[in-house]
Every structure is written in structure tokens, then in C-alpha cells.
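Participant: Questions regarding the structure given below will be posed in turn.
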């Protein structure tokens with residue numbers, strides 16, 4: 001009876017993999033046949049500025065610190081999800097769960113101190 005549960009999970013897993021790989025394999029062909037037009041107009045390669053005539057180049061290079069700051073934000077934002085889910089089952093985990101979350105927060109704090117020392121958190 002348990003084997004049928006694994007069988008269904010394996011079928012769904014293989015079906016999902018086939019769907020993704022098939023989409024990747026045929027994406028270029030389907031894009032060329034169904035979505036692309038045959039003629040290429042010069043206006044298609046212009047920068048779209050809400051109907052305004054573009055001034056200068058649309059390409060702007062941002063400082064690397066902006067990307068690192070954004071990655072830190074995402075990392076700490078995802079960690080909040082782990083801490084909130086831990087808080088929901090805090091009483092069931094006991095001391096082991098408490099020690100684990102203290103270790104988790106200590107690793108986060110070390111990462112924050114490292115980023116602070118490197119000057120990543122300082123907004124330019």
C-alpha cells in the first residue's frame with residue numbers, strides 16, 4: 001500500500017521533469033514558428049520610453065554594492081520565514097529546538113557583522 005504512494009510521487013516527478021525538459025527542448029522552435037514575425041522592423045529595436053523619444057543610452061551600470069545589498073535583503077527575508085515557522089512549533093521542539101535557533105541566529109549575526117565590516121550595508 002505504501003509503494004503506491006511512492007509510485008504516484010515518482011510518476012509526478014518524472015512527468016514534471018519531462019514537461020520542463022520538453023519545454024526547454026522545443027522552446028526555440030515554438031518561438032520561431034508561433035511567436036516571431038517574419039519581418040523585422042527597425043522600430044522593434046528602439047528603446048521603449050512610453051512614446052517619448054529616447055535620449056541617450058538606456059544601459060546604466062549600477063554599483064555592485066546595490067546587488068549585494070539586495071542579496072542580503074533577500075537572504076534575511078527568507079530567514080524570517082524559518083524563524084517564524086520555528087516559533088509556531090517552539091513548545092514541541094524543547095531545548096534542542098532552542099539551541100538550534102540560537103545557533104542559526106548566531107550564524108546570521110556573523111554574516112551581518114561580516115557584511116558590515118566589508119562596507120556592504122553602507123548605502124553609497
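The values are calculated or read from the model by the stated rules, or taken from the named source; none is laboratory data. What you see is a predicted model; the values in this text were computed from it and never measured. Here the Cβ is made from the backbone with ideal geometry for all residues, glycine too, and neighbour counts use every protein chain on show.
Participant: Select, from 96, 104, the only residue that is modelled with pLDDT of 80 or more and surrounded by 10 or more Cβ atoms within 10 Å (Cβ to Cβ).
Facilitator: Values: 96 fails: surrounded by 10 or more Cβ atoms within 10 Å (Cβ to Cβ).
Selected residue: 104, the only one of 96, 104 that is modelled with pLDDT of 80 or more and surrounded by 10 or more Cβ atoms within 10 Å (Cβ to Cβ).
Participant: Within region 79-116, how many residues are more than 26 Å from the chain's Cα centre (by Cα) and under 20 Å from residue 67 (Cα atoms)?
Facilitator: Residues in region 79-116 being more than 26 Å from the chain's Cα centre (by Cα) and under 20 Å from residue 67 (Cα atoms): 0 in total.
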